[in-house]
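Okay, so here's the structure we're looking at.
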Amino acid sequence: MRKNFEESFVTPLPVLMIGTYDEEGNANVMNIAWGGQCGPKHIAINIGLPEVEKKTLKNIKAKKEFTVSYATKDTMAISDYFGLFSGNNINKIEEAEVTVLKAENVDAPLIAEYPLTAECKVLEMNENDIGEMHIIAEIVNVSADESILDDDGNVSMDKLQPIAYDSIEKTYRLVGEVVGKAFEDGIKLKK
């Protein structure tokens with residue numbers, strides 16, 4: 001037996017922090033759940049279009065560049081904070097007391113508290129029929145803090161401890177245990 005739901009959901013979702021500079025060089029960060037990798041070097045994000053345009057969207061339109069940091073267990077509270085308030089009304093960077101660094105390859109901030117950040121350049125921006133701005137960007141660099149690298153110099157998910165948004169229970173969940181090997185475990189089912 002199955003149960004049907006009228007509301008739709010895709011879960012879990014990555015918890016992504018979009019970092020931008022405004023025209024005066026002030027940093028802003030926004031938490032989004034509607035996004036993810038859409039190719040080997042590309043990311044897609046959707047930003048809602050409320051009556052008052054979000055500061056992050058204004059900044060992306062002006063600069064055509066942004067950073068995407070991945071929320072972690074250690075950054076969960078500041079990540080949630082960045083999604084609760086508008087940068088149009090307050091300086092979220094000051095209030096959260098985070099450290100802003102200049103990204104090396106794009107005109108956007110890198111927040112030091114986030115150990116993994118992608119630097120992105122906009123390729124396409126389209127307002128869709130459901131009231132969102134759909135943005136596709138090229139990832140031109142990924143910057144990782146040494147604290148999340150394994151002995152071979154690669155990003156360790158165990159050290160990163162990324163979180164995901166559970167849209168059903170409206171909670172953050174820790175991404176954890178390895179349960180299989182991609183592109184290998186399914187082979188044994190081939191007849």
*Evaluate the Debye formula for the stretch 1-67 with equal point scatterers sitting on the alpha carbons, no solvent, and hand back log10 of I(q)/I(0) at q = 0.11 Å⁻¹, in q order, two decimals.*
-0.36
*asked:* If packing is taken as the average count of other Cβ atoms within 10 Å, what order do 102-113, 45-56, 173-184 fall into, highest mean first?
replied: 102-113, 45-56, 173-184
*Of all alpha-carbon pairs in the chain, indicate the percentage at a distance above 26 angstrom.*
34
*Which lysines does Lys58 reach when only Cα atoms under 20 Å apart count, and residues fewer than 8 places away in its own chain are ignored?*
Lys92, Lys102, Lys121
*Under a no-solvent Debye model with one identical scatterer per Cα of the stretch 92-151, what's log10 I(q)/I(0) at q = 0.12, 0.15, 0.18, 0.27 Å⁻¹?*
-0.43, -0.62, -0.80, -1.06
*Could the peptides 23-33, 130-140 be put in order, highest first, of the mean number of other beta-carbon atoms found within 10 Å of their residues?*
23-33, 130-140
*asked:* Just want the ordering: Ser69, Ser8, Ser86, from fewest to most Cβ atoms lying within 10 Å of their own Cβ.
replied: Ser8, Ser86, Ser69
*What's the center-to-center distance, using Cα atoms, between the stretch 51-103 and the stretch 134-191 in Å?*
22
*In whole Hz, what ³J(HN,Hα) sequence does the stretch 25-36 give by Karplus (6.51, -1.76, 1.60; θ = phi - 60°), x for Gly and Pro?*
x, 7, 7, 9, 9, 10, 8, 10, 10, 9, x, x
*Per-residue [θ]222 nm for the chain (sum of -39500 (n - 2.57) over DSSP H runs n ≥ 4, rounded to 500)*: -3500 deg cm²/dmol
*If you count, for each residue, the other Cβ atoms within 10 Å and average over each peptide, how do 119-127, 72-80 line up from highest to lowest?*
72-80, 119-127
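Here, each number is a calculation from the coordinates, and none is a lab measurement. Everything quoted here is computed from the prediction, not taken from an experiment. Neighbour counts are summed over all protein chains in view; Cβ atoms, including those assigned to glycine, are modelled from backbone coordinates with ideal geometry.
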